[in-house]
Amino acid sequence: MSQQRALRASLRVDGVGTGIFGVSVLVGGQGLAGAIGVPGSWIVPIGAAMLGGAVLLLVFSGHPVLPSIAATVNAVAGIAMVGLTVSGILPLTGLGVAFMLAGAVWVASFAVLVLVLLRRTEGVR
């Protein structure tokens, strides 16, 4: 598989996974909020942001010139998730901590993967 195809595939997988996560948050609603310790008023904005991010990732995957912003957005999301987890701003349950840290690992993994593939793709040119 070429570097370009691998990069596009990683963006699509990230986009689909993020979309599934966003839909799960929206469908789970208040039950999910209570289980993880996130205020119920945060559920719709979190789910909507996840869906918006998923759309952007899928758009990026088909863009003629692959933007490095995909790696930056994922890195910032990972840092924000860890920050929210350790700051005490949210009254997270044990499940909530696991949920947030799993999300942080997901986005950080894709940030690194996209960055590595972008650099390899640029080196191929």
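The values are calculated or read from the model by the stated rules, or taken from the named source; none is laboratory data. Keep in mind the model is a prediction, meaning the values are calculated, not measured. Ideal geometry is used to build each Cβ from the backbone, glycine not excepted, and the neighbour counts take in all protein chains shown. Quick note on the areas: whole protein, heavy atoms, side chains included, nothing else; ligands and nucleic acids left out. Shrake-Rupley method; radii C 1.70, N 1.55, O 1.52, S 1.80 Å.
Results, tabulated for the structure shown:
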{"quantity": "Single unsatisfied condition, Ser61 versus (1) modelled with pLDDT under 90; (2) within 16 Å of the chain's Cα centre (by Cα); (3) over 16 Å from Phe110 (Cβ atoms)", "calculated": "(3)"}
{"quantity": "In the stretch 38-57, the residues that are open to solvent by 40 Å² or more (accessible area, probe 1.4 Å), within 25 Å of Leu95 (Cα to Cα) and part of a helix (DSSP H, G or I)", "calculated": "Ser41, Trp42, Val44, Pro45, Ile46, Ala48, Ala49, Met50, Leu51"}
{"quantity": "Top-ranked residue in the stretch 14-37 [being among the hydrophobic types (A, V, I, L, M, F, W, C) and without any contact (Cβ under 8 Å) to a residue 40 or more places away in the chain; ranked as most open to solvent (accessible area, probe 1.4 Å)]", "calculated": "Val27"}
{"quantity": "Residue check for Phe60: out of contact with any Leu (no Cβ under 7 Å at 6 or more places or on another chain), open to solvent by 30 Å² or more (accessible area, probe 1.4 Å), in a helix (DSSP H, G or I) and of a type in the set (Phe, Trp, Tyr)", "calculated": "no"}
{"quantity": "Qualifying residue in the stretch 11-20 (condition: among the polar types (S, T, N, Q), under 15 Å from the mean Cα position of the chain (by Cα), farther than 22 Å from Arg119 by Cβ and in a helix (DSSP H, G or I))", "calculated": "yes"}
{"quantity": "Residue that is free of Cβ contacts under 8 Å to residues at least 60 places away in the same chain, on the phi < 0 side of the Ramachandran plot and among the aromatic types (Phe, Trp, Tyr), where the choices are Phe99, Phe60, Phe110", "calculated": "Phe60"}
{"quantity": "Any hit, the stretch 32-46, residues being polar (S, T, N, Q) and in contact with a Gly (Cβ under 6 Å, 6 or more places away or on another chain)", "calculated": "no"}
{"quantity": "Selection within the stretch 81-96 - under 20 Å from Ala49 (Cβ atoms) and either touching a helix residue (DSSP H, G or I) at 6+ places or on another chain (Cβ under 6 Å) or in contact (Cβ under 8 Å) with a residue 60 or more places away in the chain (or both)", "calculated": "Met81, Val82, Thr85, Leu90, Gly96"}
